[in-house]
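See structure below.
The values are calculated or read from the model by the stated rules, or taken from the named source; none is laboratory data. As the structure is a prediction and not an experimental result, all values here were calculated from the model. So basically every Cβ, Gly included, is an ideal-geometry build from the backbone, and we count neighbours across all protein chains shown.
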Amino acid sequence: MLQVTSEVGRLRDVLMHEPGHEVDSMVPAMMEELLFDDIVYGDRAREEHRRLRQTMKLLGVESHDAQDLLAESLDQDGARTWLLEILMGDIPGELRPRLEQADSETLAAMLVGGVRRDEEPSGIEIEEFFPDPALPNHCFQRDPQIVLGDGVIFGAMATPARYREALLARAIFRFHPRFGGAPVWLDPLHPAHNPLLLGIHRPCIEGGDVIVVSRDIVLVGHSQRTNRTGIQYLTRALARAQGAPRWLIVVSLPRRRAYMHLDTVITPIDRDACLLFPPVLAAGGLDEARGPTRSTCTTRTHSLVPRRPDQRAARKGRGLRADPVRRQRSDRAAA
């Protein structure tokens, strides 16, 4: 059963992914296309990841690896056919027999880790190494899906390097024995929306831009990765959903990589406290964000045209008391 009503409640289950073959296979020529600033040292990343999982286990938190869940999902009736039919249009014909004949665990590893050419590459472009590219961003499991209340919102990723991640998330929440069948608040890539999927009208929404503040309030970043169309889809979906949050606060962020998601500038750490980046979220900041407040109950009466309230004032106006945690300088440090 899914249930997320805040960012600071007791954590019982967490979805994650241990960095694997997909990060080991990266070369410098791939970094920009795969959205990385540097090559990841896989062994060190895995060591740190395992320590994190062990710490959570000691605290009574059960962790679930997305690749393992995908393999378990592919064992279910109809799952393999459903997923491969969607993916085959983007997979070179030479690889299709290998994918179709692989067992579920191997297929999951291939879909996440990519398939490297057997022969030596003739160039340095990504397709020269991987006819079926890897997903090194798959460790960022906050983005392809968002759990809100007892339901799930599927992402529509903004960059081609991450498109497949959202499809794998759909397979898990559709077929997995434990997590499949959860209510779906929004699937922006559902075939019913196909006429709107082209060009600037394609909805983009990533989980890093959605912060569940309370049962009644959700913050959504209008950012480099989540566009106006995606926010409109989300607002309409929540307006129709029974038991969904009452208020959606849209924060328009500067279109910079440093602020690619809302969670890069604000992090709730308690019911009445948060960490924030003042140049963006405080009134008068150098890169001041803009934030219209929208009621998901009356979406037609509210525009996405931004205003410029102080973000703290906007949140308090909807019944949320949250103050930023400021680092205090001691007398010794000041001296």
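Key figures
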item	result
Within the stretch 240-264, considering residues that are in a loop (DSSP other than H, G, I, E, B) and free of Cβ contacts under 8 Å to residues at least 40 places away in the same chain, the one farthest from the chain's Cα centre (by Cα)	Gln242
Breaking point among (1) surrounded by fewer than 18 Cβ atoms within 10 Å (Cβ to Cβ); (2) farther than 14 Å from Asp209 by Cβ; (3) modelled with pLDDT of 85 or more; (4) of a type outside the set (A, V, I, L, M, F, W, C), for Arg228	(2)
Test: residue in the stretch 232-242 that is more than 19 Å from Asp150 (Cα to Cα), among the polar types (S, T, N, Q), at pLDDT 90 or above and touching a helix residue (DSSP H, G or I) at 6+ places or on another chain (Cβ under 8 Å)	no
Which listed residue is within 20 Å of the chain's Cα centre (by Cα) and modelled with pLDDT of 90 or more, from Leu70, Leu59, Leu35	Leu70
Unmet requirement for Ala66, which otherwise passes all of (1) touching a residue at least 12 places away in the same chain (Cβ under 8 Å); (2) of a type in the set (Gly, Ala, Ser); (3) exposed (fewer than 11 other Cβ atoms within 10 Å of the Cβ)	(3)
Conditions (1) under 18 Å from Arg164 (Cα atoms); (2) touching a strand residue (DSSP E or B) at 6+ places or on another chain (Cβ under 7 Å); (3) surrounded by fewer than 15 Cβ atoms within 10 Å (Cβ to Cβ): number failed by Glu33	(2)
Residue identified as outside any loop (DSSP other than H, G, I, E, B) and modelled with pLDDT under 70 among Glu127, Glu119	Glu127
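This table checks each residue for (1) under 20 Å from the mean Cα position of the chain (by Cα); (2) closer than 29 Å to Val218 by Cα; (3) in a loop (DSSP other than H, G, I, E, B).
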| residue | (1), (2), (3) |
| --- | --- |
| Glu7 | yes, yes, yes |
| Ala29 | no, no, no |
| Ile39 | no, no, yes |
| Met88 | no, no, no |
| Arg96 | no, no, no |
| Glu100 | no, no, no |
